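This report refers to the structure that appears directly beneath it.
We did not get these values from a lab; they are worked out from the coordinates using the rules stated. The model shown is predicted, which means the values in this text are computed figures rather than measured ones. FYI the Cβ positions are ideal-geometry reconstructions off the backbone, even for glycines, and counts take in every protein chain you see.
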Amino acid sequence: MDDLRNILKLLTEKKITIEEAEKFLKANAIQEVGDLAKLDILRKVRTGIPEVIYAHKKSNEMIIDIIKSFLESNQFAIISRYHESQKEFILKSFENNKGIDINVNELGKVIILRQKPFKFEKKNGMIGIITAGTSDIPVAEEAKVISETMGCKVLTSYDVGIAGIHRIFTPLSDMIKEGVHVMIVCAGMEGTLPGVVAALTDIPVIGIPVSSGYGLGEKGIGALTTMLQSCSPGLLIVNIDNGFGAGASAALIANRMAR
């Protein structure tokens, strides 16, 4: 962001023209790492959603190069869907750097590195996250981490699915009383819970079908089909296991409502 500030400073000091500033901003919008990755370093400024490093199928060395570039440009880096050897390599690579704060969410498979004293801005959006079962928690945690990095407060209640439908009423009531702006509801198997929650509240609900289940509707297909065909209005659906997409969308809505 130093480049962005410098460009704006030069513009306000009338040392460059508006046309020159526009060219510089466009040039700085994409940053290349070697010949492999092009980083959209201004995505958070443009859309409010930070770019996340999707670790799947990336080499350890590639991930480290991208992390370093993000830390230099944005003061933070978010890594999702890592496997254990990648996590160990990342931690080992930065363990002796006292200027970097590292947070690992084991369930959500998300690692966040921050240059001290950088902190994510609080924006007053509030999100409630509910899961039908314990198998849905990793996807819920991914959504939670992304929502929090976008400045939201997140309330959670896990394992309250329709197999014991009475379990949903108390946590849902508590979240309504707290004033959550958006609900994220994760469910696998037949995926009924998001529709039930949408039928019980006037709060927008984002359903995440989770890839648990077996037989005809295996790998989340049954849950996705149920949610897409729900007769409960006010229910929006993201792709199977897409915690990142749900968290980002919920945060955009919640933060705008909070403003």
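Key figures
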{"quantity": "Distance violations [Cα-Cα > 20 Å] among K58/K153; K68/K92; K92/K116; K68/K119; K109/K144", "calculated": "K58/K153"}
{"quantity": "For the stretch 84-163: rounded, prolate or oblate by the Cα gyration tensor [a/c cutoff 1.5]", "calculated": "oblate"}
{"quantity": "Anisotropy class of the stretch 48-137 from Cα gyration tensor, a/c 1.5 cut", "calculated": "oblate"}
{"quantity": "Partner lysines for K15 [C-alpha distance under 30 Å; skip if fewer than 8 residues away on the same chain]", "calculated": "K23, K26, K38, K44"}
{"quantity": "Ranking of R5, R114, R167 by count of other Cβ atoms within 10 Å, fewest first", "calculated": "R5, R167, R114"}
{"quantity": "Neighbour-count ranking [beta-carbon atoms within 10 angstrom, fewest first] of Y54, Y82, Y158", "calculated": "Y54, Y158, Y82"}
{"quantity": "HN-Hα J in Hz across the stretch 75-85 - Karplus 6.51, -1.76, 1.60, θ = phi - 60°, x for Gly and Pro", "calculated": "6, 8, 9, 10, 10, 10, 6, 7, 10, 4, 5"}
{"quantity": "Among E95, E20, E142, residue whose mean-square fluctuation peaks in a GNM of the chain (springs only between Cα atoms under 10 Å)", "calculated": "E20"}
